[in-house]
Amino acid sequence: MTGYLKQSPTALQFVTFIGFFIGFFLIYITGLQLLLEPLTGHTIMEIQNGDLTDPNLIGYLKITQFFYTVIVYLVPAAVFAYLWQPYPARYLGLKPAPKAIQIVLALMGIYGALWVAGFVSDWNQTWNVPQDARDMQAQAEKMVNLMLRMPGIKDLIINLILVAIVPSIAEELFFRGVFQRLLIKSTRRVWLSVVLSSIFFSAVHGEILDFMAIAVLGFVLGAIYVLSGNLWLSILAHILNNGTKVVLMYLFQHGMIQTDPSKDTPVAWYTALLCGIVTIGLLWALRQKSTPMVMTDPVKQSVDKDVDRIGMDENQ
């Protein structure tokens, strides 16, 4: 296995991965500036600030979002995993496939966490943030809602792919599959690394009024990966989170439900507390039904005695 990144110091691995992230982000920005206007007749600013009732502009916005997700998150993670060792799928936790009971527990866990996220989001809305930041988030939410207009079933399928499936795969590969694992390897503190990666995950989304809610969901997604060692479970949980809003928006737009999912519904503290306890229980059950991978390097305590892995394994 000579010549693979796994043989390099952890700091170098981290720098390499961040370098991939920045490099592919610059490639995306450069490509956007050079190709978008010749191909569409619009700059990115014109698309974002134009008449978003124009279906052509909405289509262009969806395409740019798709390429952003793939180029900035999916490609760096895939390239890093390919260079890290000769079995990138196993490194990322994509093999073996998860069991049915694991899938059920992970999906139930993220569903319970949605209520906790809703509660902290209510608190997050009370933060004293500049009006400019509130206006920017309102504009971003407006664009998302316009992108989620779905006159027909074809639009629902397209949005499920673009909003739920592709981002979930790309972001889980990036944030949990590589970034969180590198943090664990660097700090040797499993749950600290999960917290830090969830904070970074939330910060990258740039939604200051939903910062805590996204961080909570990011923490649960990271915990699912840590406790199971299977990235597919985090991906499926992420898809459920994103896809639920898409489906609810479709049902609301077609009069099948009366509650607008784009509007925040207050969550009582006791509901959040109960759901939090249930979520912890589900994650504990997931741990019992899994055989997690070791993400930290063993530390030799002596020449003749191997270190006890309890407390070292990120899944403990």
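The values are calculated or read from the model by the stated rules, or taken from the named source; none is laboratory data. Everything numeric here is computed off the predicted structure, so don't read it as measured data. Because the Cβ atoms are built from the backbone with ideal geometry, glycine has one as well, and the counts that use them run over all protein chains shown. Areas reflect the complete protein model, heavy atoms only, side chains present, ligands, DNA and RNA absent. Shrake-Rupley method; radii C 1.70, N 1.55, O 1.52, S 1.80 Å.
Listed here are the residues, each with its yes/no results for (1) of a type in the set (Ser, Thr, Tyr); (2) loosely packed, with under 14 Cβ neighbours inside 10 Å.
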position: 55; (1), (2): no, yes
position: 64; (1), (2): yes, no
position: 90; (1), (2): no, yes
position: 111; (1), (2): yes, no
position: 114; (1), (2): no, no
position: 119; (1), (2): no, no
position: 123; (1), (2): no, yes
position: 136; (1), (2): no, no
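Any residue that is buried (at least 16 other Cβ atoms within 10 Å of the Cβ) and in a helix (DSSP H, G or I) - is there at least one of those in region 125-133? Within region 125-133, not a single residue is buried (at least 16 other Cβ atoms within 10 Å of the Cβ) and in a helix (DSSP H, G or I).
The C-beta contact set for region 239-260 (first residue part of a loop (DSSP other than H, G, I, E, B), second residue open to solvent by less than 60 Å² (accessible area, probe 1.4 Å), distance under 7 angstrom, 6+ apart or interchain) comprises 257/251.
Against the condition in contact with a helix residue (DSSP H, G or I) (Cβ under 6 Å, 6 or more places away or on another chain), open to solvent by 40 Å² or more (accessible area, probe 1.4 Å) and modelled with pLDDT of 95 or more, how does residue 173 come out, does it pass? Against the criterion (in contact with a helix residue (DSSP H, G or I) (Cβ under 6 Å, 6 or more places away or on another chain), open to solvent by 40 Å² or more (accessible area, probe 1.4 Å) and modelled with pLDDT of 95 or more), residue 173 does not qualify. Only residues that are basic (Lys, Arg), touching a helix residue (DSSP H, G or I) at 6+ places or on another chain (Cβ under 9 Å) and without any contact (Cβ under 8 Å) to a residue 12 or more places away in the chain were counted in region 145-167, giving 0.
Quick check on region 78-86. Is at least one of its residues closer than 25 Å to residue 155 by Cβ, open to solvent by 80 Å² or more (accessible area, probe 1.4 Å) and under 21 Å from the mean Cα position of the chain (by Cα)?
The answer is no; no qualifying residue exists.
Going by the conditions given, is residue 91 closer than 30 Å to residue 10 by Cα and in a helix (DSSP H, G or I)? Spelling it out, residue 91 is indeed closer than 30 Å to residue 10 by Cα and in a helix (DSSP H, G or I). Of the residues making up region 20-40, none is outside any helix (DSSP H, G or I), in contact (Cβ under 8 Å) with a residue 12 or more places away in the chain and more than 28 Å from the chain's Cα centre (by Cα). Any residue that is open to solvent by less than 20 Å² (accessible area, probe 1.4 Å), at pLDDT below 95 and closer than 30 Å to residue 10 by Cα - is there at least one of those in region 194-214? No, the conditions are met nowhere in region 194-214. Given the criteria surrounded by 13 or more Cβ atoms within 10 Å (Cβ to Cβ) and either β-branched (Val, Ile, Thr) or in a helix (DSSP H, G or I) (or both), does residue 12 qualify? No; evaluated as a whole, the condition is false for this residue. A single member of 12, 36 is among the aliphatic types (A, V, I, L, M) and farther than 26 Å from residue 158 by Cα, and it is 12.
When you check residue 276 against the structure, is it in a helix (DSSP H, G or I), closer than 27 Å to residue 128 by Cβ, in contact (Cβ under 8 Å) with a residue 60 or more places away in the chain and of a type outside the set (S, T, N, Q), yes or no? When the stated conditions are applied, residue 276 passes them.
Residue 82 fulfils the conditions (1) out of contact with any helix residue (DSSP H, G or I) (no Cβ under 8 Å at 6 or more places or on another chain); (2) closer than 25 Å to residue 224 by Cβ; (3) at pLDDT 90 or above except for a single criterion, (1).
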